[in-house]
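Novice: Structure in structure tokens, see below.
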Amino acid sequence: MSKTRIAFIGAGNMAASLIGGLRAQGVEATHIRASDPGAETRTRLQAEQGIETFEHNAQAIEGADVIVLAVKPQVMKTVCLALRDDLKEGQLIVSIAAGITCASLQSWIGSHPVVRCMPNTPSLLRQGVSGLYATAEVTAAQRQQAEQLLSAVGTALWLEQEQQLDAVTAVSGSGPAYFFLLIEAMTAAGEKLGLPRETATELTLHTALGAARMAVASDVDAAELRRRVTSPAGTTEAAIKSFQASGFEAIVEQALHAAATRSAELAEQLGK
Ligand SMILES: NC(=O)c1ccc[n+]([C@@H]2O[C@H](COP(=O)([O-])OP(=O)(O)OC[C@H]3O[C@@H](n4cnc5c(N)ncnc54)[C@H](OP(=O)(O)O)[C@@H]3O)[C@@H](O)[C@H]2O)c1
């Protein structure tokens, strides 16, 4: 990665996080370029990361090994069609846009190697997780480059089938919001049980963080961790039984199914 030249098309939140992550990993500023229509965005990125920025996308991709498409899905087709004639053979295209398929991208840019990724919002704190899918044209070295890029903002996991990105969207892409919803509900319930709001919030947030850290560090799965903290006839068991009597698992399954279905529908619309 130290010799790889990377160009970012679109220098918004996600591109800035990826660039910050790459710089923190020791990638030289001279190896990273970015283009964005916003003069303020360019000036900020230049000042914060020391990289060269451009108003025009074609300038940013000159000499790049990897081109990261980090614009909103709605402008992706226009951006790709405009770049098509300036792309050089073998340049790897990495798209982080939600819902734009590799087939759509290749119909707009030609048969370049494409890695499609689905990162999530905690990537902005370098605590993200991404699903990655590579087209057949992507070489082993390019897979490594894409993996290192996304690893700069969290954990990167490869998928065998592109369709699995709809499931990734349902689990981790939209996932932070499910935990926020649980945090909201637990805080409100704690308040109803007599705690001051601030106390209920702090207790909930640190419980969420502690439980996630325990689960990530543990060599046993979440079900076993739960069994270990659920004493027979105790308080946790009373709560878990109440959750399950209300169909908790089925509610979660239905919600994720709805997200995956919506992801597939959006891909269909955005690819036209
Ligand atoms: N943020 C997340 O947590 C997250 C998670 C998963 C996937 N993603 C994906 O990441 C991509 C970027 O998201 P983001 O949150 O970083 O969005 P963002 O902050 O809005 O960044 C997009 C940037 O692209 C610029 N842009 C607009 N048109 C352009 C063009 N023609 N050429 C070059 N740049 C252009 C925008 O400038 P203007 O503001 O001036 O239009 C903006 O600075 C999206 O496709 C999104 O689906 C984001």
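Novice: Across region 18-28, which residue is farthest from the ligand (Cβ to nearest atom) among those that are part of a helix (DSSP H, G or I) and surrounded by 15 or more Cβ atoms within 10 Å (Cβ to Cβ)?
Specialist: R23
Novice: Quick one: in region 50-72, which of the residues that are small (G, A, S) and touching a strand residue (DSSP E or B) at 6+ places or on another chain (Cβ under 6 Å) is nearest to the ligand (Cβ to nearest atom)?
Specialist: A70
Let's see how each residue does on (1) within 23 Å of L125 (Cβ to Cβ); (2) more than 10 Å from the ligand (Cβ to nearest atom); (3) part of a loop (DSSP other than H, G, I, E, B):
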| residue | (1), (2), (3) |
| --- | --- |
| K3 | no, yes, yes |
| A16 | yes, no, no |
| T30 | no, yes, no |
| R33 | no, yes, no |
| P37 | no, no, yes |
| E48 | yes, yes, no |
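Novice: Among the candidates E253, E249, E268, E160, single out the residue that is closer than 30 Å to Y133 by Cβ, outside any helix (DSSP H, G or I) and without any contact (Cβ under 8 Å) to a residue 40 or more places away in the chain.
Specialist: On the way: E253 fails: outside any helix (DSSP H, G or I); E249 fails: outside any helix (DSSP H, G or I); E268 fails: outside any helix (DSSP H, G or I).
So the residue among E253, E249, E268, E160 that is closer than 30 Å to Y133 by Cβ, outside any helix (DSSP H, G or I) and without any contact (Cβ under 8 Å) to a residue 40 or more places away in the chain is E160.
Novice: For K77, which of the numbered conditions (1) outside any helix (DSSP H, G or I); (2) within 16 Å of the ligand (Cβ to nearest atom) fails to hold?
Specialist: The failed condition is (1).
Novice: Then there's this: Count, please, the residues in region 169-216 that happen to be over 21 Å from F248 (Cβ atoms), of a type in the set (S, T, Y) and out of contact with any helix residue (DSSP H, G or I) (no Cβ under 6 Å at 6 or more places or on another chain).
Specialist: Matching residues across region 169-216 total 1.
Novice: Now for a separate question. Within region 141-152, which residues are open to solvent by less than 30 Å² (accessible area, probe 1.4 Å) and touching a strand residue (DSSP E or B) at 6+ places or on another chain (Cβ under 7 Å)?
Specialist: Within region 141-152, the first condition is being open to solvent by less than 30 Å² (accessible area, probe 1.4 Å), and the residues that meet it are 142, 146, 149-150, 152.
Once the filter is applied, which keeps residues that are open to solvent by less than 30 Å² (accessible area, probe 1.4 Å) and touching a strand residue (DSSP E or B) at 6+ places or on another chain (Cβ under 7 Å), region 141-152 yields Q142, A146, L149, L150.
Novice: Then there is this: Looking for something within 30 Å of A264 (Cβ to Cβ) and within 20 Å of the chain's Cα centre (by Cα) - is there at least one such residue anywhere in region 51-63?
Specialist: So the first thing to find is which residues in region 51-63 are within 30 Å of A264 (Cβ to Cβ), and the list is 57.
Remaining after also requiring within 20 Å of the chain's Cα centre (by Cα): none.
Within region 51-63, none of the residues are within 30 Å of A264 (Cβ to Cβ) and within 20 Å of the chain's Cα centre (by Cα).
Novice: Right, here's the next one. Here are A223, A233: which of them is part of a helix (DSSP H, G or I) and either under 30 Å from T261 (Cα atoms) or modelled with pLDDT under 95 (or both)? Write out each step before concluding.
Specialist: Working: A233 fails: part of a helix (DSSP H, G or I).
Sole residue among the options that is part of a helix (DSSP H, G or I) and either under 30 Å from T261 (Cα atoms) or modelled with pLDDT under 95 (or both): A223.
Novice: Among (1) modelled with pLDDT of 95 or more; (2) within 14 Å of the ligand (Cβ to nearest atom), where does A98 come up short?
Specialist: Result: A98 fails condition (1) only.
Novice: Give G190, G173 a once-over and let me know the one that is closer than 22 Å to A15 by Cβ and either touching a residue at least 12 places away in the same chain (Cβ under 8 Å) or out of contact with any strand residue (DSSP E or B) (no Cβ under 8 Å at 6 or more places or on another chain) (or both). Let's see the steps before the verdict.
Specialist: Numbers: G190 fails: closer than 22 Å to A15 by Cβ.
Matching residue, one of G190, G173: G173.
Novice: Yes or no: region 153-168 includes at least one residue that is under 26 Å from I251 (Cα atoms), among the hydrophobic types (A, V, I, L, M, F, W, C) and surrounded by 21 or more Cβ atoms within 10 Å (Cβ to Cβ).
Specialist: Within region 153-168, one or more residues are under 26 Å from I251 (Cα atoms), among the hydrophobic types (A, V, I, L, M, F, W, C) and surrounded by 21 or more Cβ atoms within 10 Å (Cβ to Cβ).
Every residue, every condition in (1) of a type in the set (S, T, N, Q); (2) crowded, with 18+ Cβ neighbours inside 10 Å; (3) modelled with pLDDT of 95 or more; (4) out of contact with any strand residue (DSSP E or B) (no Cβ under 6 Å at 6 or more places or on another chain), yes or no:
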residue: C102; (1), (2), (3), (4): no, yes, yes, no
residue: G110; (1), (2), (3), (4): no, no, no, yes
residue: R116; (1), (2), (3), (4): no, yes, yes, no
residue: P119; (1), (2), (3), (4): no, yes, yes, no
residue: L124; (1), (2), (3), (4): no, no, no, yes
residue: V129; (1), (2), (3), (4): no, yes, yes, no
residue: Y133; (1), (2), (3), (4): no, yes, yes, no
residue: T139; (1), (2), (3), (4): yes, no, yes, yes
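The values are calculated or read from the model by the stated rules, or taken from the named source; none is laboratory data. Since this is a predicted model, take the numbers as computed values, not measurements. Every residue, glycine as well, gets a Cβ built from its backbone with ideal geometry; the counts of neighbours run over all protein chains shown. SASA here: full protein model, heavy atoms, side chains in, ligands and nucleic acids out. Shrake-Rupley method; radii C 1.70, N 1.55, O 1.52, S 1.80 Å.
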